[in-house]
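Participant: This is the structure I have questions about; it appears just below.
Any read-out appearing in this document is the output of simple, stated calculations on the displayed coordinates, not a laboratory observation. Because the structure is predicted, anything quoted here is derived from the model rather than measured. Using ideal geometry, Cβ is built from the backbone for each residue, glycine included, and neighbour counts are taken over all protein chains shown.
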Amino acid sequence: MSSAGLLTVSARLRAGRLHDLTVNLQRPPVTMLFHQQIPEAVVKAVPYLFTLCAHAQRAAAQAALAAAEGSERRPVDDGELWGEMLHESLWRLLLDWPPALGLPDARDAFVAWRAARGDEDALLRMQAVLKVARAQAAACLACLDEGGIGPAPQLAPEVWLDYWQGNVDQRPAALPPPSVAAACRRRLAEAEMAAAAIVAGTPYPVAAAGGKGWGVGQTLTSRGVLTHAAHVDDGRIVSYKLWAPTDALFADSLALEQILGERIYASAAAARQALNLAVLALDPCLPYTLELQDA
């Protein structure tokens, strides 16, 4: 298991349909390391412990801990955060989605853009790679069933604060994409949004709620809403929780079942491809394994 954990998705193919869909998400108990630490030590450690979307992780941690202590949240580097979202979105559009549909990837365009991010012509390179991403998304969508784009993720730290404090029993629900095509469109929309925000200098969305030792911080990632929650007492962390989009969408098999629907597959290969695309649509932030038994 990697430091981020491991996701295993299993199903059984019987009479052309997927049955017994199960999700096993294993996460190492990293936040236990924060117990009795001072908030500043946690803020410094978070980007090293959660290297994927590290800037968003740090921003959410800062927001949660500042809210818990009733202090002013320090400013974030908006360009850094938008660049991280753009990077993750382009990775999926150019490297992951096309091969999953039997199409060639656009690795060269991605590598060229990433290598030029600090150059004088970085904005021109960004526009060039976006053009490639649009073409790749169009090619992918031509292979998929129709579907809209689905709702954009929204920050709601107050709702999560109620859950964190134990005022409500039900954890706030995540909003999975309604289809694989919707997920592809959402990924392209977020790449376009991030690129436009970099040019315009738009503030990155970060929100928090809390006080009296309890705090929740939220921000966006390319995969959805990231939530950090902290309980601080006498300057030390007594409890800490992190909910990444992966934790919400792969807590059970419901989101996958919604995307897969009741389709009939002509072969085990077709069923495996559909299962892989459904997992990609939910976009886990850790390695995953597919196990398909052909009964």
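Participant: How about region 261-295: which of its residues are closer than 14 Å to F250 by Cα and loosely packed, with under 13 Cβ neighbours inside 10 Å?
Facilitator: Hits for region 261-295 are P287, T289.
Participant: Between residues in region 81-103 that are among the aromatic types (F, W, Y) and residues that are not in a helix (DSSP H, G or I), which pairs lie under 7 Å by C-beta distance while being six or more apart or on different chains?
Facilitator: So the pair list comes out as W82/Y204.
Participant: What are the residues in region 235-254 that are small (G, A, S) and part of a helix (DSSP H, G or I), if any?
Facilitator: A248
Participant: Going by the structure shown, is Q218 over 29 Å from V43 (Cα atoms) and either polar (S, T, N, Q) or in contact with a helix residue (DSSP H, G or I) (Cβ under 9 Å, 6 or more places away or on another chain) (or both)?
Facilitator: no
Participant: Is one or more of the residues making up region 51-70 in a loop (DSSP other than H, G, I, E, B), more than 30 Å from Y265 (Cβ to Cβ) and of a type in the set (G, A, S)?
Facilitator: yes
Participant: In this structure, is W97 under 22 Å from A197 (Cβ atoms), under 19 Å from the mean Cα position of the chain (by Cα) and not acidic (D, E)?
Facilitator: The answer is no for W97.
Here is a yes/no grid of residues against (1) touching a Pro at 6+ places or on another chain (Cβ under 9 Å); (2) assigned to a loop (DSSP other than H, G, I, E, B):
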| position | (1), (2) |
| --- | --- |
| P172 | no, yes |
| L188 | no, no |
| A194 | no, no |
| A197 | yes, no |
| G215 | yes, no |
| L220 | yes, no |
| L226 | yes, no |
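Participant: Among the numbered criteria (1) surrounded by 14 or more Cβ atoms within 10 Å (Cβ to Cβ); (2) free of Cβ contacts under 8 Å to residues at least 24 places away in the same chain; (3) of a type in the set (V, I, T), which one does V111 miss?
Facilitator: (1)
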